[in-house]
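Read through the structure below, which is laid out as structure tokens, and then see the notes.
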Amino acid sequence: MISRSSRSALLETANIQRPRDPEIEAAVHRAPHSIEPAPEAEFDLRALLRVLLARQRTIAATVAACMAIALIVVLQLTPIYSSSTLIMVGQRENKAFDPESILSGLTTDTASIENQIQVLRSSALAERVVKQLDLSLDPEFDPARKPRSWVSALNPMTWFAATSGREDAARIPQAEIDPALLKRFSSKMAVATQGRSSVIKVSFESTDRTKAALIANAIADQYIVDQLETKFDAAKRATDWLNGRLGELAEQVRTAESALERYRADNGFSDARDGVTLAAQQLSEINGQIVLARSHLAEQEAKYRQVSALGRAGGGVDSIAAVINSQLILSLRGQQADLMRKDAELSAKYGSRHPQMIALHEERKNLDAKIQEEVSRIIRNLASEVDVARVRLSSLEGSLRDIRGTTSTQGQASIKLRELEREAQSTRTLYDTFQSRFKETEGKGQVQTPDSRRLDRASVPSEPSFPNTVLIMGLTLFGSTVFGVLMALLLERLDNGFKTGADVERALGIANLAIVPSIAGKVLVGDRIVQKPLSSFSEAVRSFYTGLLLSNVDTPPQVVLVTSTVPGEGKTSLSVSLGRMAARNAKRVLLIDGDLRHPSVSGQILPQLPELGLIDFLAGRCELSQAVYRDPMSPLEFMPVVTKPSNPAGVLGSQSMKNLIEALRPHYDLIVIDAAPVLPVSDTRLLASLADKVLYVVHWDSTPREAVASGIKLLREAGADIAGSILNRADMRQHSIYGYGYSSYGYGGHYAKYYAE
């Protein structure tokens, strides 16, 4: 072993031969608290990525938990199947005097399609389907018929509710359908148009795939049947009205012809027309004109009544145009159809506020106004023509009365005969007209075709429409990943420990000498420096030992105190490792157990507790040589604590302790004191004044920063010279993410070949 004098001579020689750099000297002797923290960036993408990599287990656990919960929920959900059918609303021709066009008015414009959608959604149609399939007995639509589980049977809250439901069901007549059932039925049905076409899609959802297709087809069938019944009822009402009117006209024909025959018989008229006077000829001509005038009046009145009735019933402009054969209205309607086609084409290309759309709407509005004005004009003209025909008839009848005053009794009889003949002929003509209309309407009523047809039948779905497992799991994966990232950032924000040497330097203002990796397994950490001197742990101990020597190059520290903030940070293991490292480097090293309350140095070195130690020597019960022991694995010497004193602070602060340290200095190159933690007790602050340098051990990513700062503050107040900190028990995989491994000479996988683990 090199003597102290020889060592001093070598150091002096080295100091003489080594050129001194003023900047290096200033950096070496700079006060630890003068280290200024580096400015922090507002947003560092690399720091964010490091956090995510470090917390990848947290993120993965969060994603796995959320995905498992979502999968369990999806598996517990009742699958719902949806089946659809397509119905095309057709367009048929509306003709004049067509009762179906007056009563139904079905066209394929937007309003009519919306009307058919409302018919499909109506309660009346739902009731027909429910009755057809007897769905009132289906538990899916009547929850009261669902079998009660044993869980609900044990719940007292369901007893009265179930009884009340059965009483309400009993009060509803059997012929009526529960409105709540119809509401549940409608909630499972969806009706929507397919784009801009006249095709309507009817969908139905059910927990039974076969039932979903069956009900969707039943809805389409009942809708078509309802249309047929509506058309049949309209035709039947028109036929009944014409039939009644024909009966009245037939009675009028019989009455008129009977009166004519009786008058001929009573006055002795024959079929011959000889001997007719001029007055009779005039009377005959006037009577002919009156017949024409009455026929014209009847025609104009019938046309006026029909057009007025169509206008009041909303029969449509096309029907009015067909009645009066108005080419102008038909032309305007053609222009209106062209404008509607242009509107449909431009609406898909432009918005509603586009100038062309606004102009097109204004043109349609003007065209609609022209059509309505033309219809009003036609109605007014028809009324005027009726008035003119009535006035003309009155004028002819006045002329007839004048001629009758000048004719003889025979003339009067002839006139009466002609009048009866005209009345009989007029009644017969009107009867024949109504009879032909009745036959036409009756033929239409016997053969009815629906205006809509079903394009395809609803098929049984193979896959449920709900739940969408792929979508739910995809959204859960995305959401859980975001939640996991937020949790990782929150945990990182709440994490109050030190992870890198830069964190220590910024927060505490002291240099970080090394980052010591954590040792896995139940082994004595202090033995690793001897068993595996080339390991990453040994290199870390060598690193902070070198940093300790460089803390004062001219006068290397001789008495070094090792402490920590709280117990359990591994300071004793590092103290033993430091002593063995220095001893293996041909240094005379003494390790003193300075933790009088919980001594642990001997437990790290010897299998059994020695008989004498530090307290025994200070109490005068033994010699120094009896209190100092030799490490069986290295040249290290150590002084354990065997007997715990009643006043540890008094012992450590005594003059005897100071005299001991001063007496040991000439005999050892390095004296390591394993002191107690700073915060729990004040013992370490008393020892700090006896040491040349203090090594402060911090548990990596565990000890709170505020606690470490408090411990450093207490040591500085006690006058301690802190050489630096040591981050102990570090997870090097995590540290390589946060600090890239530079603070510990690359303990990551890239440098594994340099170490013998």
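What the table shows:
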| quantity | calculated |
| --- | --- |
| Some residue of region 626-641 being more than 23 Å from G526 (Cβ to Cβ) and either in contact (Cβ under 8 Å) with a residue 12 or more places away in the chain or among the charged types (D, E, K, R) (or both) | yes |
| All positions within region 580-638 that are among the acidic types (D, E), under 25 Å from Q655 (Cα atoms) and open to solvent by less than 60 Å² (accessible area, probe 1.4 Å) | D593, D595, D616, E637 |
| The one condition in (1) of a type outside the set (S, T, Y); (2) farther than 29 Å from Q252 by Cα; (3) at pLDDT 80 or above that I371 fails to fulfil | (3) |
| Unique residue being under 25 Å from S308 (Cβ atoms) and either of a type in the set (K, R) or in contact with a strand residue (DSSP E or B) (Cβ under 7 Å, 6 or more places away or on another chain) (or both) when the list is R364, R353, R380 | R380 |
| Conditions (1) modelled with pLDDT of 85 or more; (2) more than 32 Å from the chain's Cα centre (by Cα); (3) open to solvent by less than 80 Å² (accessible area, probe 1.4 Å); number of the one not met by P79 | (2) |
| Verdict on L609 being on the phi < 0 side of the Ramachandran plot and touching a residue at least 60 places away in the same chain (Cβ under 8 Å) | no |
| Within region 464-502, considering residues that are in contact (Cβ under 8 Å) with a residue 40 or more places away in the chain and among the charged types (D, E, K, R), the one farthest from S206 (Cα to Cα) | K499 |
| Scan of region 554-578 for residues that are crowded, with 19+ Cβ neighbours inside 10 Å and modelled with pLDDT under 90, ordered by number | none |
| Long-range neighbours under 6 Å by Cβ, at least six apart or interchain, first residue more than 12 Å from T481 (Cα to Cα) and open to solvent by less than 40 Å² (accessible area, probe 1.4 Å) within region 49-60, second in a helix (DSSP H, G or I) and acidic (D, E) | V51/E492 |
| Helices (runs of 4 or more DSSP H) fully within region 507-612 counting 3 or more residues that are over 29 Å from M657 (Cβ atoms) | 528-531, 536-550 |
| Those residues of region 686-734 which are of a type in the set (V, I, T) and open to solvent by 50 Å² or more (accessible area, probe 1.4 Å), in sequence order | none |
| Count - residues of region 346-364 that are exposed (fewer than 11 other Cβ atoms within 10 Å of the Cβ), assigned to a helix (DSSP H, G or I) and among the charged types (D, E, K, R) | 2 |
| Single unsatisfied condition, D387 versus (1) open to solvent by 70 Å² or more (accessible area, probe 1.4 Å); (2) over 29 Å from G244 (Cα atoms); (3) modelled with pLDDT of 75 or more; (4) of a type outside the set (A, V, I, L, M, F, W, C) | (2) |
| Answer residue from region 446-469, given it is part of a strand (DSSP E or B) and within 36 Å of the chain's Cα centre (by Cα) and is surrounded by the fewest Cβ atoms within 10 Å (Cβ to Cβ) among those | D456 |
| Search result, residues across region 493-502 that are assigned to a helix (DSSP H, G or I) and touching a Leu at 6+ places or on another chain (Cβ under 9 Å) | G501 |
| Selection count, region 494-509, where residues are open to solvent by 30 Å² or more (accessible area, probe 1.4 Å) and of a type in the set (K, R) | 1 |
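Okay, residues lined up against (1) of a type outside the set (V, I, T); (2) within 24 Å of I605 (Cβ to Cβ); (3) crowded, with 20+ Cβ neighbours inside 10 Å:
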{"residue": "L471", "(1), (2), (3)": "yes, no, no"}
{"residue": "V485", "(1), (2), (3)": "no, no, no"}
{"residue": "A488", "(1), (2), (3)": "yes, no, yes"}
{"residue": "S543", "(1), (2), (3)": "yes, yes, no"}
{"residue": "N552", "(1), (2), (3)": "yes, no, no"}
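Matching residues to (1) among the hydrophobic types (A, V, I, L, M, F, W, C); (2) open to solvent by 70 Å² or more (accessible area, probe 1.4 Å); (3) touching a residue at least 12 places away in the same chain (Cβ under 8 Å):
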site: V199; (1), (2), (3): yes, no, yes
site: F204; (1), (2), (3): yes, no, yes
site: T210; (1), (2), (3): no, yes, yes
site: I219; (1), (2), (3): yes, no, yes
site: Y223; (1), (2), (3): no, no, yes
site: A250; (1), (2), (3): yes, no, yes
site: E261; (1), (2), (3): no, yes, no
site: D266; (1), (2), (3): no, yes, no
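The values are calculated or read from the model by the stated rules, or taken from the named source; none is laboratory data. These numbers were taken from a predicted model, which means no experiment stands behind them. With ideal geometry, Cβ positions are generated from the backbone for all residues, glycine too; neighbour counts draw on all protein chains shown. To get the accessible areas, we keep the full protein, side chains included, count just its heavy atoms, and leave off ligands, DNA and RNA. Shrake-Rupley method; radii C 1.70, N 1.55, O 1.52, S 1.80 Å.
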